[in-house]
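Asker: This is the structure, below, for whatever I ask next.
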Amino acid sequence: MAAGLLAAGMLALLAASWTRTLAADRPLTPAELEKRNALANPYPNDLGPLKIDDVVAKYPDNIRDGYKILLVKCAQCHTSARPLNSQFVEPEGKTPPAKEAAVAKLRKDHPEYFTASARPAIWNIDAHIWSRYVHRMMSKPGCNISSVDGKKIWEFLVYDGVHRKIGANAAAWKAHREKLLSEFKAKYPKRYQELVSQGEL
Ligand code: HEC
C-alpha cells in the first residue's frame, strides 16, 4: 500500500517535471521575450505604487482617461509602477519649439532640477521624453496599443509630470524618488550600479 502510494507520488512528480520541461523547451515568442526582459531588469520606479487614484481624481476628465488606459496597457510587460514613478518630465506646450522653450525656462527658474545630484535620478526633464518613450514601448513586440490610446497615455504622462513632480510638488517628488532609489540600491546593488554606469540614474 505504502509502496503503491509512493509509486503514484513518483509518477505525479515525473509528470509535473515533464510538463515543466515541455513548457521551458518551447521557444519564447518575441512578446514573451520582451516581457521577460522587462521583468529581469528592474528599475527603482518598480518599487513605488501601482496606482495614484487620489491624485488623478483631481485631474481633468480627458487626462484621467489616459491614466485609466495606462493602468491596463502599460502593465503588460512590467507593472504600471514603472511609468507612474518615473523621473521623466516632459513640459506642456502646443508645438515642439514651445516645449523646448519651456525646458529652457525651467533651467533658468529652477536650476535645482538640473544639478548633477538631481538629474537624471530625481528629475529627467526633456522636451520630448514621454513622446519618445511611449513610441518606443509601442514599437515593442506584443505591445498592442493603438495610436489613439498611445496619444491619450502620452497626454496623461505630460500633464501628470508637470503637476505632480515639479513646481509646488517638487519637494514631495524629490523625497519620493530618494526613497525609491535608496530601497532599490539596497535590494538590487548590482543593477543600481549598472543603471548609474549607463547614465540612467
Ligand atoms: C511589450 C512589453 C512592454 C510594454 C507593453 C510596455 N513596456 Fe515599458 N518597458 C519594457 C521593457 C523591455 C523595458 C526596459 C527598457 C527598454 O527596453 O526600453 C521598459 C521600460 C520602461 C520604462 C523605464 C525606462 C527608463 O529608462 O527609465 C518606462 C518609463 C516604461 N517602460 C514606460 C512604459 C509605458 C508608458 C508603457 C505604455 C505606453 C509601457 N512602458 C509599455 C517593455 C514594455
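Each value in this text was obtained by applying a stated rule to the coordinates, not by laboratory testing. Quantities reported herein were computed from a predicted structural model and do not represent experimental measurements. Ideal geometry is used to build each Cβ from the backbone, glycine not excepted, and the neighbour counts take in all protein chains shown.
Asker: Taking neighbour counts of Cβ atoms within 10 Å as a proxy for exposure, in what order, fewest first, do LEU181, LEU195 appear?
Answerer: The fewest-first ordering by Cβ neighbours comes to LEU181, LEU195.
Asker: In degrees from 0 to 90, rounded to the nearest 10, what is the angle of the helix 96-109 Cα long axis to the longest principal axis of the chain?
Answerer: 80 degrees
Asker: Could you work out, for the chain, what percent of all Cα-Cα pairs fall into each 10 Å distance bin, beginning at 0 Å and stopping at the bin that holds the largest distance?
Answerer: 8, 29, 31, 15, 8, 6, 3, 1, 0
Asker: Using just the helices of the chain, give the 222 nm mean residue ellipticity in deg cm²/dmol: DSSP H runs with n ≥ 4 each add -39,500 (n - 2.57), and the total is spread over all residues, rounded to 500.
Answerer: -19500 deg cm²/dmol
Asker: Right, something else. Quick one: which residues, 5+ away or cross-chain, put their amide H under 5 Å from the amide H of ILE125? H built at 1.01 Å from N.
Answerer: VAL89
Asker: How tilted is helix 30-40 with respect to the longest principal axis of the chain? Cα atoms for both, answer in degrees (0 to 90, nearest 10).
Answerer: Tilt of helix 30-40: around 80 degrees.
Asker: A follow-up question, please. Taking DSSP loops as anything outside H, G, I, E and B, show the longest stretch in the chain free of trypsin sites (Lys or Arg not before Pro) there with at most 16 other beta carbons within 10 Å.
Answerer: Value returned for the longest uninterrupted segment is 95-201.
Asker: To the nearest 10 degrees, how steeply does helix 170-187 sit against the main Cα axis of the chain, on a 0 to 90 scale?
Answerer: That helix lies at roughly 30 degrees to the long axis.
Asker: Give the residue list of chymotrypsin sites (Phe, Trp or Tyr not before Pro) in the range 67-167 that are DSSP loop and have at most 15 other beta-carbon atoms within 10 angstrom.
Answerer: Sites meeting the loop and neighbour criteria: none at all.
Asker: What dipole magnitude, in Debye to the nearest 20, does the range 30-197 give about its Cα centre under +1 on Lys/Arg Cβ and -1 on Asp/Glu Cβ?
Answerer: 260 debye
Asker: Now, a different point. With an 8 Å cut-off on Cα pairs and a minimum separation of 6 or more residues, tell me the relative contact order of the chain in percent.
Answerer: This gives 25 percent for the chain.
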